[in-house]
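Below is one structure; the comments refer to it alone.
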Amino acid sequence: MTPAQHAAPLAAVDREWRRFSPRERFARWLVYLVAVAAIVWSVRTIDVIPEFLADAPTQIVDLFQRMWPVDVAHYRRGIHDVLIETLHIATLGTILALGLAVPVGLLAARNITRSRVANQFAQLILVSSRSVNSLVWALVFVAVFGPGALAGALAIAFRSIGFVGKLLAEALEETQRGPIEALEAAGAPWGSIMLKGYWPQVQPAFIGIALFRWDINVRESAVLGLVGAGGIGVALDDAMNFFQWDRVAMVLLTILVVVVIAEILVTWIRRRII
Amino acid sequence: MSQTDTAPAAATAAAGADRSLTIRHLDKEYVRGKAVLRDINLTIDGRGLTAIIGPSGTGKSTLIRCINRLVEPSGGEIVFMGQDLAKLRGAALRAARRRIGMVFQEYNLVERLSVMENLLCGRLGYVPVWRAWLRRFPQADIDAAFALLDAVGLGDFATRRADALSGGQRQRVGIARALMQQPDLLLADEPTSSLDPKTSVEIMELMARLTGARDIPVVVNIHNVELARRFATRVIGMTGGRVVFDGPPAALEPRHLTEIYGGEDWL
């Protein structure tokens, strides 16, 4: 049988095809309409001051001129120490977060904790940790412990619990049931099942999460100094308050370089380990 | 916690005990009103290889998993070495489970651990958590593991990661792991269904030989009627959650297979 013969009876049927049904087309048109309306509405409410807008290019050029030449010498005098402090805040905060997030993650994973109430309680902890910005956490801890790196490290830690705990719980829920069953059948106690059944399965994910979070925390801890929680942000804040734009430029450049190095390092380690 | 009867001699010491398994009025329904197992009554002697055959979805797996309580029975008794396994909980259940080895269709090895560590997982019911954590397993366990690796023909694979092995090699590790428990009963849930025909025969041969040497009774679920005939000392045919044939493999006739699997065209 040739293909032509095969197609013949079908040709009689109406073979017109459109990607969307009339209803879907109407819905799409509605979405575009709402989007345009939203843009018009928001432009009207943000109160653009025309003089400032017109002035902006000049201001930008002016700012760059004040920043140039960058005060490279300031690195040794005022940046290096706070930069190291920033890295310490990020690292300590991440380690602390890992320790705090593991129990919460275990509690949140539905295949490990078989109580809906406990799961939801853990979810609540994770969501509240994530819903508060690290600057807000820093403000809280500066109020409790006074300004300094301790408040910064705690802010980083509490902000990270949600992220680490959620991803760990997801990794735990994605583990294969088979090996766990085998260990249960061998009469292994809970602790041994965790160590030899679950941990090997989530280990790559856990290392990935830890490195990724450290990378994020290096960036986040750079701004904590703006609210007095230590680190390179203090140097940035000082320089800005005194309008020393050449120093501001040096701080920003340092942060950029450190973030790029952290990113490269994390990518490299992840590739090597996983 | 300090259960350390790790001497390989323990297996032979326990061999004197009665290893027979008695199942009485076992029922199982996953959903209320839909019985998977209905009133199963079986006595399995403390020796030999018992093969359970039957179509998919007939409750073979459920039956075998009820024995070591990976599946909770809905009713009935499972008496093994003087204990009703169906009533055990917590530490008592774990203590009973470590006397019962299990081999799985999908091997169920911990993929990212080495072959040696997978074997030592068979000792987790005996070894305290801190030892497992620090990887400080008793030397007797490690010696037993090496001996078993040689016995299953994987003597050079101790440090290889489990995910680097072929299906047949993985199932050999699975068998060795189950035997590491020094079990008084070995359960095997479709141990050859993921393997090619030649490897299937090799695996069945290995399992029959190693358990025969240790005088461990085996209960094995198997699709393949020929393999059941060849290796079993007793065949149990199931269909629709009931036992419809029970006897030596020689007594298994086409009419029994028709009853077990339904239809005749496939014979």
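Here are some notes:
- Candidates B:Leu206, B:Leu179, B:Leu187 - the one that is closer than 25 Å to B:Val115 by Cβ, surrounded by 17 or more Cβ atoms within 10 Å (Cβ to Cβ), at pLDDT 95 or above and in contact with a Lys or Arg (Cβ under 7 Å, 6 or more places away or on another chain): B:Leu206
- In summary, helices (runs of 4 or more DSSP H) completely within the range B:120-202 and bearing 2 or more residues that are in contact (Cβ under 8 Å) with a residue 60 or more places away in the chain and either touching a Cys at 6+ places or on another chain (Cβ under 7 Å) or among the hydrophobic types (A, V, I, L, M, F, W, C) (or both) occur at B:139-151, B:167-180.
- Scan the range B:122-153 for residues that are touching a helix residue (DSSP H, G or I) at 6+ places or on another chain (Cβ under 6 Å), of a type in the set (A, V, I, L, M) and facing chain A (nearest Cβ under 9 Å) and the total you get is 3.
- Among the residues of the range A:187-222, those identified as among the aliphatic types (A, V, I, L, M), in a helix (DSSP H, G or I) and facing another protein chain (nearest Cβ under 9 Å) are A:Ile193, A:Met194, A:Leu195.
- Residues within the range B:79-102 that are in contact with a strand residue (DSSP E or B) (Cβ under 9 Å, 6 or more places away or on another chain) and facing chain A (nearest Cβ under 9 Å), tallied: 5
- Residue in the range B:154-176 that is surrounded by the most Cβ atoms within 10 Å (Cβ to Cβ), counting only those that are within 12 Å of another protein chain (Cβ to nearest Cβ) and of a type in the set (D, E, K, R): B:Arg170
- Candidates B:Ile78, B:Ile44, B:Ile53, B:Ile100, filtered to the one that is within 19 Å of the chain's Cα centre (by Cα) and under 14 Å from A:Glu181 (Cβ atoms): B:Ile100
- Residue list for the range B:95-118, restricted to those being within 24 Å of B:Asp215 (Cβ to Cβ), free of Cβ contacts under 8 Å to residues at least 60 places away in the same chain and among the basic types (Lys, Arg): B:Arg97
- Scanning the range B:109-121 for residues that are facing another protein chain (nearest Cβ under 7 Å), surrounded by 24 or more Cβ atoms within 10 Å (Cβ to Cβ) and touching an Asp or Glu at 6+ places or on another chain (Cβ under 9 Å) yields B:Leu109, B:Val110.
- Flag if B:Val235 is under 20 Å from the mean Cα position of the chain (by Cα) and part of a strand (DSSP E or B): yes
- Residue in the range A:240-247 that is more than 10 Å from every other protein chain (Cβ to nearest Cβ), in a helix (DSSP H, G or I) and farther than 28 Å from A:Val82 by Cβ present: no
- Screening A:Glu184 against (1) closer than 24 Å to A:Arg272 by Cβ; (2) part of a helix (DSSP H, G or I) leaves a single unmet condition, (1).
- Test: residue in the range A:149-167 that is outside any helix (DSSP H, G or I), buried (at least 23 other Cβ atoms within 10 Å of the Cβ) and either among the aromatic types (Phe, Trp, Tyr) or in contact with a helix residue (DSSP H, G or I) (Cβ under 6 Å, 6 or more places away or on another chain) (or both): no
The values are calculated or read from the model by the stated rules, or taken from the named source; none is laboratory data. It should be emphasised that the depicted structure is a prediction, and the values quoted were computed from it without experimental measurement. All Cβ positions, glycine included, derive from the backbone under ideal geometry; neighbour counts span all protein chains shown.
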